[in-house]
Amino acid sequence: MKTNIITIILLVFISINICAQDNKLYIYWPDFDKDETICGYVDSNGEIVIPAGKYPNIFTAEFDKIAFVLLKDKKGVYAIDRSEKILFQICSFEFGPDIISNGLFRIIENGKIGFANMNGEIVIKPNWEFIFPFQENGLAIFCEKGNWIWIDKEHRKFSGGKWGAMDTKGNIVIPAMYDDGKENYLKKDGKWYKVKRFGDLEPK
């Protein structure tokens, strides 16, 4: 009998803690079939916290500490915190926010690029002309003193300058001395080299 009572008390205690810990907000659509961009946030009880339509679009399904949204008076994607304070602009990927890789995503400040995390903290200050997202090898290829060139009417590429690689703490693993770069590759004297996890280079 005592064992059953203790078990019930423990289950109630665990349930209360689970509910208490779930303070996330969840995306909702008042009429998804009509317009999937008109959405807002509700809490775990279904109560509306951020009404649908306040932001032109929302990209974060579960709003824990930050969310990616469009703003009515600014171009681009921005991160907001739970008090709806604007934290920073997010690099755009196609028509949405940058990908999150190694827990980090790219942000823009005064035309320069850096990285932040999902706690809303800037991890690598925006001091770079261009950086690719971090890859599975834990490194990001960056460029110093390059510029954008148009490939066609709709697409452009960052070119010129010197290219290198950094780790997720912003440490330069490979100095900016290469002629070109891609997500996982650096180019020198017309040859491409694959960048490995510890900054080793492997001929393509």
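The values are calculated or read from the model by the stated rules, or taken from the named source; none is laboratory data. Predicted model, so just to flag it, every value in this text is computed and none were measured. Positions of Cβ are backbone-derived with ideal geometry, glycine not excepted, and every protein chain shown enters the neighbour counts. Surface areas here come from the heavy atoms of the whole protein model, side chains and all, with no ligands, DNA or RNA. Shrake-Rupley method; radii C 1.70, N 1.55, O 1.52, S 1.80 Å.
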*What are the semi-axes of the equivalent ellipsoid for region 83-131, taken as the square roots of 5 times the Cα gyration tensor eigenvalues, largest first, in whole Å?*
15, 13, 12
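So what is the accessible area of the chain per residue, in Å², with the probe set to 1.4 Å? Could the numbers behind the result be given before it?
Details: 12870 Å² over 204 residues.
Per-residue accessible area for the chain comes out at 63 Å².
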*region 26-80: relative contact order in percent, alpha carbon pairs under 8 Å with at least 6 residues between*: 26
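Pulled fully out, how much extra length does the chain show between Lys182 and Trp148, if you take 0.36 nm times their separation in residues and subtract their Cα-Cα distance? Walk me through the numbers on the way to the answer.
Numbers: separation 34, 0.36 × 34 = 12.24 nm, distance 1.43 nm.
Extra length from Lys182 to Trp148 when fully extended: 10.8 nm.
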*For Lys125 and Ser44, FRET efficiency with R0 = 30 Å and r from the beta-carbon atoms, rounded to 0.05?*
0.25
*How far, in degrees from 0 to 90, does helix 2-21 lean away from the longest principal axis of the Cα atoms of the chain, to the nearest 10?*
50
*May I ask which residue of Ala116, Pro175, Asn137 lies farthest towards the positive end of the charge dipole of the chain, with charges of +1 (Lys, Arg) and -1 (Asp, Glu) on Cβ and the Cα centre as origin?*
Pro175
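Pairs of Cα atoms under 8 Å, at least six residues apart: use those to get the relative contact order of region 92-204, whole percent. Each step should come with its number before you reach the end.
Details: 250 pairs, mean separation 18.5, N = 113.
RCO, region 92-204: 16 percent.
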*With a Cα-only, solvent-free Debye model of the chain, what are the log10 I(q)/I(0) values at q = 0.08, 0.10, 0.16, 0.17 Å⁻¹?*
-0.40, -0.57, -1.04, -1.11
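Charges only on Cβ, +1 for Lys and Arg, -1 for Asp and Glu: so what's the dipole of region 61-204 about the Cα centre, in debye to the nearest 20? Mind dumping the intermediate values first?
Working: 23 positive and 21 negative charges, 65 e Å.
Dipole of region 61-204, to the nearest 20 debye: 320 debye.
From Cα pairs below 8 angstrom and at least 6 apart in sequence, can you work out the relative contact order of the chain, rounded to a whole percent? Don't jump to the answer; show the numbers that get you there.
Values: 431 pairs, mean separation 18.0, N = 204.
Computed value for the chain: 9 percent relative contact order.
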*Which order, highest average first, do 136-142, 181-187, 73-79 follow once you tally other Cβ atoms within 10 Å for each residue and take the mean per peptide?*
136-142, 181-187, 73-79
*At 0.36 nm per residue, minus the direct Cα-Cα distance, what do Glu109 and Phe95 gain on full extension? Give it in nm, one decimal, please.*
3.1 nm
_Met118, Met166, Met177, ranked by accessible area, largest first (probe 1.4 Å)_ = Met177, Met118, Met166
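Mind checking the full-extension length gain between Phe198 and Asp81? Use 0.36 nm per residue of separation minus the Cα-Cα distance, one decimal, nm.
Details: separation 117, 0.36 × 117 = 42.12 nm, distance 3.43 nm.
Computed gain between Phe198 and Asp81 is 38.7 nm.
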*Rounded, prolate or oblate: which one fits region 63-172, using the alpha carbon gyration tensor with axes a ≥ b ≥ c (rounded when a/c is under 1.5, else prolate when a/b beats b/c, else oblate)?*
oblate
